[in-house]
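The values are calculated or read from the model by the stated rules, or taken from the named source; none is laboratory data. Given the structure is predicted, the values throughout are model-derived calculations rather than measurements. Heads up, the Cβs are rebuilt from the backbone with ideal geometry, glycines too, and the neighbour counts pull from every protein chain shown. SASA here: full protein model, heavy atoms, side chains in, ligands and nucleic acids out. Shrake-Rupley method; radii C 1.70, N 1.55, O 1.52, S 1.80 Å.
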Amino acid sequence: MNNKEMNLKGVEVWDGNMANSQAFRQADVDVIAAYPITPSTATVENYCTFHANGYVDGEVIMTESEHAAMSACIGAGAAGGRVATATSSQGLALMIETLYQASGMRIPVVLCLVNRALAAPLNVNGDHSDLYLTRDAGWVSIDAFSPQEAYDMTLMSFKISEHPAVRLPVISNQDGFMTSHTAQNVIPLKDEVASKFVGDYLQVNALLNFDKPVTHGVQTEQDWHFEHKAKQHDALMGSKKVIEETFAEFKELTGREYKVVESYGIEDADVAIVCLGSTFETAKLAIDQIKKEEGINVGVVAPRVFRPFPLEEIAASLQTVKAVACMDRSAPGGTVGALYNEVSGALINSQNRPLVTNLIYGLGGRDMTVAGLKNIFRTLDKDSKDGKINGRIQTLIGVRGPALSYYDVEGK
Amino acid sequence: MSNKPISEMGWDELVPGAALYTFQGDVDYNITEMQPEDRLYSETSSKAMSVGDWRVIKPVWNSETCIDCQNCWIFCPDTSIIARNKEMKGVDYDHCKGCGLCVSVCPTNPKSLLMFNEYETVEDALTQWPEKKKKGE
């Protein structure tokens, strides 16, 4: 625990960035190396204020770029310290090479990724193109849908990342602006309780352990590269168990329950959407309304954990629905969206084979409203009742101009 | 880590993150007082790997003209100059990559380290050593 305690109220009013900053502070991070970028700037800016006011015992390094920020985190992590950083969008894109280094070297790092669209055109608002850019980087990727969840997920990320069976970096995602700049009630832990929950940092092969000199970042060729990547994949796949255990421990401490796949209204749903981020919160409102007003039974399913992908849990959650719309908030670049691909992959070997469509929505921070979601639910309801996809597989939702849809269903 | 060579290990036997230990076991003794040849380097240490075949030209050392100034020992980027008690002993041809820095920093006249083709023997090279240059030459 830091020497100087911060007295927090039982309920604080924090936006998602402040939630991250406070989780960083309470986790007693040794080194934060960062470079500012909207909308994640405040995560580190608030933390620097804590640091300047004596609330942080660790170090803060202001680097010359995001590539350098993650490189510094990897170096400090290899040296044997607890490390974290935050970024968004272009910053993440510049950082991407080092993301693979961190996971391949098995260095625990916590990265608060405040999701923002990737340029061009330049855009500071929230979509999931940066989140999707990290898909194959070998990081655990967890998604928070509100400031409270951002606090909870970022705090838990340290525990997951540093677990001896995992030792992999973790991304704590949240939506840019919709979550990062929306102040809501957040119930924090006391410093002492949070610090105890995260626990002491466990050094593994630390460079600063002179009793066991070690080289990190070695070269492997065809003779053992594959075995190392296999070991890394196995640790990432196995991290689901640690994530579930951490969620369970956190529930015991706070009463707040998290699952690797979150859902709402799915138990009695005929149709469902699958989405990430704050859209889950909007969907809960829209689902209640349309059930009451029009008698349509809709559910929403959201992977809380994006990596490792909870394929079995996603399939299990969609066994009673007849139509599913996978909502991807990222320009798909010449194919279907990531969620469509992965959810379809989860369903193809399951008993239930619902109609699956792909909706591209909300690019560059375009709002997804309750009314917009209700329109999607009506289309799903009609497809379900007709027993077929009436349009094409992929549709762009909420874009001005002539309608855009792609990929015909076979035999149509 | 087991005692198998790395090339025979399965994924489950490897150290996570491909971290490589430099020495066998823990260094719970004063390693600074031991010469490199007495230290227990691990099989995965680069000390155990010969990279001499990366070289196409090699430095040859002439003990007749060497003044043991240690310039080459200081400048060698691969710690391939072997010196003991501030006396030059020779070149570690398992790790020297033939960069020639040692030759460029050698202050004697004629130089006590010169580059020769890799295929020439040290004995032949020493017979071709140049004479001392005269002033103004």
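Sparsely packed loop sites in the range A:55-117 (the GluC sites (Glu not before Pro) outside DSSP H, G, I, E and B with at most 15 other Cβ atoms within 10 Å) comprise A:GLU64.
Accessible area per residue of the protein assembly as shown at 1.4 Å probe, in Å²?
Dividing the accessible area of the protein assembly as shown by its residue count gives 47 Å².
Calculated on the Cα set of the protein assembly as shown, radius of gyration then Dmax: 29.8, 105 Å.
Computed over chain A, the per-residue total of -39500 (n - 2.57) for DSSP H runs of n ≥ 4 gives a 222 nm mean residue ellipticity of -12500 deg cm²/dmol, rounded to 500.
Which percentage, to the nearest 5, of the DSSP beta bridges contained in the protein assembly as shown is antiparallel?
Around 40 percent of the beta bridges assigned by DSSP in the protein assembly as shown are antiparallel ones.
Across chain B, the longest piece that holds none of the trypsin sites (Lys or Arg not before Pro) lying in DSSP loops with up to 10 other C-beta atoms within 10 Å covers B:1-85.
Accessible surface comparison of A:ILE187, A:ILE397, probe 1.4 Å, protein chains only, largest first: the order is A:ILE187, A:ILE397. For chain A, the longest principal axis of the Cα atoms and the long axis of helix A:16-26 meet at an angle of about 30 degrees. The angle separating the long axis of helix A:370-386 from the principal Cα axis of greatest extent in chain A is about 50 degrees. For B:LYS133 and B:VAL56, a Förster radius of 30 Å and the Cβ-Cβ distance give a FRET efficiency of 0.65, rounded to the nearest 0.05. Within straight-line reach of A:LYS241, meaning a Cα separation under 19 Å, sit the following aspartates and glutamates at least 8 residues removed in sequence or on another chain: A:ASP143, A:ASP152, A:GLU162, A:GLU249, A:GLU252, A:GLU257, A:GLU262, A:GLU312, A:GLU313, B:ASP12.
Multiplying the sequence separation of A:LYS229 and A:ASN3 by 0.36 nm and subtracting their Cα-Cα distance, what value in nm do you get? Mind showing how you got there, number by number?
Details: separation 226, 0.36 × 226 = 81.36 nm, distance 4.02 nm.
Roughly 77.3 nm would be gained on extension.
Overall, the range A:284-405 carries a charge dipole of about 200 debye about its Cα centre when +1 sits on the Cβ of Lys and Arg and -1 on the Cβ of Asp and Glu, all other atoms neutral.
Considering only DSSP states other than H, G, I, E and B, which chymotrypsin sites (Phe, Trp or Tyr not before Pro) in the range A:197-267 qualify as loop sites with at most 13 other Cβ atoms within 10 Å? Passing sites in the range A:197-267 are A:PHE210.
Which angle between 0 and 90 degrees, to the nearest 10, do you get for helix A:147-162 versus the longest principal axis of chain A when only C-alpha atoms count? Long axis of A:147-162 versus the principal axis of chain A: about 60 degrees.
Determine the total buried accessible area between chain A and chain B, counting protein heavy atoms only with a 1.4 Å probe; round to the nearest 100 Å².
About 1700 Å² of accessible surface is lost on pairing.
Here the extension length gained between B:GLU120 and B:LYS89 equals 9.2 nm, from 0.36 nm per residue of separation less the Cα-Cα distance.
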